[in-house]
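The values are calculated or read from the model by the stated rules, or taken from the named source; none is laboratory data. Keep in mind that this is a model prediction, so the values were computed, not measured. Cβ sites come from the backbone with ideal geometry, for glycine too, and all protein chains shown count toward neighbours. Side chains are part of the model used for accessible areas, which takes the heavy atoms of the whole protein and leaves out ligands, DNA and RNA. Shrake-Rupley method; radii C 1.70, N 1.55, O 1.52, S 1.80 Å.
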Amino acid sequence: GLTMNVGIVGLGLIGGSMAKSIKARTAHTVWGVDLNHETMTLARMCGAIDAPLTEENLPQCDILLIAIRPAAAIEWVKRHAPLISKSAIVVDLCGVKRVVVAGIAPVAEQYGFAYIGGHPMAGKERGGFTSATDDLYVGASMILTPDKRTDMQLLETLKTFFLDIGFAGLTF
């Protein structure tokens, strides 16, 4: 399939496992960012990310996965919205939380990029990048919450993307 640039915000258990899964199973480029410097170093050393996600490469992201706490996710998207490409798809992985959708959807509409709420049905007792694995999502289900702005092409792109990295199926 097409190779894409995937940006990941937050490299804890969820984001870190996304990064490892993408690098293990696809030819996509992964750019990641985490507030924890040790996490950034580990992610680069083990090849989970190709480079840090920066204000320079953010506009080149085709898919942006937001894997940080809900309030931080809303804040991050609001702050970086002008740099997000109009052809990008932003997916939050905070879980199905109305507050996140309510916070991000209007920003996406204002700036013209696609946004969809997501919730990977997978997890572990332990959090953090060191617990992240490239098989966390194998056989798992991904819940997506489309809205009135979501088109079929976008859903097809995401379906292919998530199935490629190990998910068993998508639920809407």
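Listing for the model above:
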read-out	value
Neighbour cut-off at most 11 other Cβ (10 Å), DSSP loop, trypsin sites (Lys or Arg not before Pro), segment 51-143	Lys86, Arg126
Where Ser141, Ser131, Ser87 fall by accessible area, highest first, once all protein chains stay in place (1.4 Å)	Ser87, Ser141, Ser131
D (Stokes-Einstein, µm²/s), Kirkwood Cα radius, the chain, 1.002 mPa s at 20 °C	137
Expected-Rg normalisation [2.2 N^0.38 Å, Cα atoms] applied to segment 33-86	1.19
Gaussian network model of the chain, springs between alpha carbon atoms under 10 Å - residue of Gly118, Gly12, Gly47 with greatest fluctuation	Gly47
Calculated FRET value between Leu83 and Thr3, using beta carbons and R₀ = 22 Å, to 0.05	0.55
Cα gyration tensor of segment 69-127 - equivalent ellipsoid semi-axes, whole Å, descending	22, 11, 10
For segment 75-172, Kirkwood radius (reciprocal of mean inverse C-alpha pair distance, Å)	14.4
Carbon and sulfur %, accessible surface of segment 5-56 computed with the full protein complex present, 1.4 Å	53
Amide H partners (placed H, <5 Å) of Ile68, local residues excluded	Leu93
